[in-house]
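Read the structure below first, then the notes.
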Amino acid sequence: DAGAAAARSNTSGKRAAGTTGKGTVRLMKIIIVGNGKVGYAIARQLAVEGHDITMVDSSPVALARADSTLDIMCVEGNGASISVLEEAGARTADLVIAVSNLDETNLVCCLIAKTMGAKHTIARVRNPDYRRDAALLKREIGMDMVINPDLAAAREIARILSFPSASSVEPFAGGRIDMIGIQVTERDRFYGVALSEFHRIRSAEVLICAAQRGDECIIPNGNFVLQNGDQVTFLATQENAHAFFRQIHMPVRPVRNALIVGGGAIAFYLSQELLDNHVRVRIVERDAARAQELAEQLPGAQILNEDGSNRDFLLSEGLESAESFVALTNIDEENVLLTLFAKKHSHGKLVTKVNRLEFDDILAGLDLGSVVYPKYMTCDYIVQYVRALQNEAGSNIKTLYRILDDRVEALEFTVHEESRATGVPLSQLHLKKNLLLCCITRGNQILIPRGGDQIQVGDNVIVVTLEHGLHDLRDIVES
């Protein structure tokens, strides 16, 4: 088979799949098909966590980087080929993750891998036509997870536009509570205030749980003093978040109109979300055929067939009065320049899509409003699934987000059984350093925990930590 080629291995020092690390965590044999930006990011994270990773890609150039920089195996060939999957070890794989650039290849790969004996499969599927088929794909061909990064990105942008004062909005507890990012300025009432005194000046129950100051990320304690320029993340219900924003004189009303440049899949999904919430939508799309397609699919939106980089056109279409501007072209540099131009001429909420992951530290210094990385989201969802899958019992990860430039993890655990973390007053738990227990949800209750509270079986528990790789609630306690 022309698709099959010799495997190249550099697995020295790796623990075998199936062995256990701390607690009941089980290392797994994982095959990743597609070594693009997403595939590489997933492989890098899962390899760091100790899993036995095999990367499959038809491009020897794409494999060369992974082979030389990661502790993984590489197999060159078509990921939808039976012989290539055989060589990669699909018959005994715990998980096959298909994230090639072709939806159909990903689907066929997962179908074949499942038939061969792979225990679990995940496919990245981007075509909107497959959106309504996700449940059918899981049921009919045994898919365990279908990820649409464009839909996920659109929903994140919609959440951000519902909180225009926020730089990021991550939902927990089924959307009942949010982790919201903002920047501290000298105008804020809490500027220069220590967190031990913060509760005295706020009128709503919010918990500041992480901060970034310059290049340093911090899980703050009561002695932490909020300073100008700090990027802080707080946890609150939507009601309390709105009350807090009103108190610090930040806008709380969701945007009423959006000017979107770029008419790709994310723009399509985002427009659907916004139109459902009665937001006026205008999309600028330079390709005439795509503009016509969007006009047919989104009758409630205004589709403008024009080059989005035409500055005079943007101004003539009311950029200066737009309540939000969203740059969604396929070119990162164009999105950045468009946002900088919009920032100069508009006071609206700015959102910038970025595909490349390598320059996030540079972009962080440009003040581009809210920057959305669809590829990060795909990686986060898969890592979340893998960590939940690892646990034989105890506490499974329900939600995982990377915040503050991917340097802080925010996790939500579901507690299934008693452990050293349950039934003990929180003031007596020896929590690991650089970790904060932020919230306990118990039925309809949402608790910002106090020292006397205890974690119980059935709770969902939200923690933030600088330590990457937590798999279980028991991992938050010092051994």
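Looking at Thr378, is it in a helix (DSSP H, G or I) and either exposed (fewer than 15 other Cβ atoms within 10 Å of the Cβ) or of a type in the set (Val, Ile, Thr) (or both)?
Yes, satisfied.
Only one residue in Gly469, Gly451, Gly458 is open to solvent by 40 Å² or more (accessible area, probe 1.4 Å) and outside any helix (DSSP H, G or I), so which one is that?
Going through Gly469, Gly451, Gly458 in turn, just one is open to solvent by 40 Å² or more (accessible area, probe 1.4 Å) and outside any helix (DSSP H, G or I): Gly458.
Can you list residue pairs whose Cβ atoms sit under 9 Å apart, with the first residue in the stretch 103-123 being in contact (Cβ under 8 Å) with a residue 40 or more places away in the chain and the second being of a type in the set (Ser, Thr, Tyr) and open to solvent by less than 10 Å² (accessible area, probe 1.4 Å)? Count only pairs 6 or more apart in sequence or on different chains.
Matching pairs, first to second residue: Cys109/Thr121; Ala113/Thr121.
Are any residues in the stretch 321-347 touching a Lys or Arg at 6+ places or on another chain (Cβ under 9 Å), surrounded by fewer than 20 Cβ atoms within 10 Å (Cβ to Cβ) and of a type in the set (D, E, K, R), and if so, which ones?
Asp332
Confirm whether Arg253 is open to solvent by 30 Å² or more (accessible area, probe 1.4 Å) and farther than 20 Å from Asn148 by Cα.
In short, yes.
Within the stretch 279-310, how many residues are in contact (Cβ under 8 Å) with a residue 12 or more places away in the chain and either in a loop (DSSP other than H, G, I, E, B) or surrounded by fewer than 13 Cβ atoms within 10 Å (Cβ to Cβ) (or both)?
Counting residues in the stretch 279-310 that are in contact (Cβ under 8 Å) with a residue 12 or more places away in the chain and either in a loop (DSSP other than H, G, I, E, B) or surrounded by fewer than 13 Cβ atoms within 10 Å (Cβ to Cβ) (or both) gives 11.
What are the pairs with Cβ atoms under 6 angstrom where one residue, in the stretch 338-352, is over 16 Å from Phe313 (Cβ atoms) and of a type in the set (A, V, I, L, M) and the other, located anywhere, is modelled with pLDDT of 95 or more and not in a helix (DSSP H, G or I)? Sequence gap at least six, or different chains.
Close Cβ pairs satisfying both conditions: Leu350/Phe325; Val351/Val326.
Does Arg356 fit the bill of being at pLDDT 85 or above, of a type in the set (Lys, Arg) and part of a loop (DSSP other than H, G, I, E, B)?
no
Which of the residues that make up the stretch 59-69 are surrounded by 13 or more Cβ atoms within 10 Å (Cβ to Cβ) and either modelled with pLDDT of 95 or more or in contact with a strand residue (DSSP E or B) (Cβ under 6 Å, 6 or more places away or on another chain) (or both)?
Leu63, Ala66, Asp67
Under 8 Å between Cβ atoms, which residue pairs at least 6 apart in sequence (or on different chains) link something in the stretch 80-93 that is open to solvent by 10 Å² or more (accessible area, probe 1.4 Å) with a partner that is assigned to a loop (DSSP other than H, G, I, E, B) and not aliphatic (A, V, I, L, M)?
From the stretch 80-93, the pairs are Ser81/Asp1; Ser81/Gly3; Ser83/Asp1; Ser83/Gly3; Ser83/Gly77; Glu87/Gly77; Arg91/Gly117; Thr92/Gly117.
Being assigned to a loop (DSSP other than H, G, I, E, B) and of a type in the set (S, T, N, Q) is the filter here, so list the residues in the stretch 158-178 that pass it.
Correct list: Ser165, Ser167.
Which of the residues spanning the stretch 127-158 are surrounded by 20 or more Cβ atoms within 10 Å (Cβ to Cβ) and more than 17 Å from Val96 (Cα to Cα)?
Hits for the stretch 127-158 are Pro149, Asp150, Leu151, Ala153, Ala154, Glu156, Ile157, Ala158.
The values are calculated or read from the model by the stated rules, or taken from the named source; none is laboratory data. Values in this document were obtained by computation on a predicted structure and should not be read as measured data. Reconstructed Cβ throughout: ideal geometry from the backbone, glycine too, with neighbour counts over all protein chains shown. Note: areas computed on protein heavy atoms with side chains; ligands, DNA, RNA excluded. Shrake-Rupley method; radii C 1.70, N 1.55, O 1.52, S 1.80 Å.
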